[in-house]
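The values are calculated or read from the model by the stated rules, or taken from the named source; none is laboratory data. Because the structure is a prediction, the values reported are computed rather than measured. We place every Cβ from the backbone using ideal geometry, glycine too, and count neighbours over all the protein chains shown.
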């Protein structure tokens, strides 16, 4: 059996890591959630996508992929079976300990590929603290929100295309993990109610907005749309790493 190279730290021996670390100061940390994602997509959709996008970026830049944080704070979705939630303070401490370990081994550039909105402020806090060391650089790709800025000419259903388990997310999964998509069960479900105060931050349970876990029209999704979205998003992340952080694409 031939040995296969990998960018995942968890798949390297300590000696292989020691050699690979000489080649890069960049570590990518994927984070997601373990929660309802409509009746047609798996509970681990967020984490699956974050990890795959990290893998695609790392393949082009030659970076290392650190620990994958699979579970986030999904308390507002926990009425749906199978959803797992971790307290924000637990998530933060776990991530702090992880990045400090990575920093100890010489990483100075931390790119967080994150697909769960609840993780965003915690990653922001940790990044600001890390950058008190002027040698350290941090950036976060809040992936589902990030896609809204890069979907021109691809999606059809407007703002709701990027709602929970809707057109954009379903398209991405159909491209990346078609074997995990149960399209016999996808739905078109607009929100149960419109919020008359969108300028006020509120904290409704997902079940008060949708009965299926989908918000929007998942049935408009296609693998072709997903491919275009993924490739465009990866290109943009790589462009940032090259133009802003000075990394080089692998030949």
Filter segment 106-122 for residues that are out of contact with any strand residue (DSSP E or B) (no Cβ under 9 Å at 6 or more places or on another chain) and in contact (Cβ under 8 Å) with a residue 60 or more places away in the chain; which is nearest to residue 164 (Cα to Cα)?
118
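Answer yes or no as to whether residue 45 is crowded, with 18+ Cβ neighbours inside 10 Å and touching a strand residue (DSSP E or B) at 6+ places or on another chain (Cβ under 8 Å). Break it down stepwise before answering.
On the way: crowded, with 18+ Cβ neighbours inside 10 Å: yes; touching a strand residue (DSSP E or B) at 6+ places or on another chain (Cβ under 8 Å): no.
No, not satisfied.
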Taking segment 74-89, which residues are farther than 13 Å from residue 31 by Cβ and either touching a strand residue (DSSP E or B) at 6+ places or on another chain (Cβ under 6 Å) or assigned to a helix (DSSP H, G or I) (or both)?
75, 76, 77, 84, 89
Tally of residues being free of Cβ contacts under 8 Å to residues at least 24 places away in the same chain and farther than 25 Å from residue 193 by Cα across segment 151-180:
3
Among (1) surrounded by fewer than 20 Cβ atoms within 10 Å (Cβ to Cβ); (2) under 15 Å from the mean Cα position of the chain (by Cα); (3) within 19 Å of residue 236 (Cβ to Cβ), the one test that residue 154 misses
(2)
Subset of segment 140-149 (residues that are under 27 Å from residue 75 (Cα atoms) and either crowded, with 16+ Cβ neighbours inside 10 Å or free of Cβ contacts under 8 Å to residues at least 12 places away in the same chain (or both)):
140, 141, 142, 143, 144, 146, 147
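For residue 100, state whether it is at pLDDT 95 or above and crowded, with 16+ Cβ neighbours inside 10 Å. I'd like the intermediate steps shown before the answer.
Details: at pLDDT 95 or above: yes; crowded, with 16+ Cβ neighbours inside 10 Å: no.
Taking the combined requirement at face value, the residue does not satisfy it.
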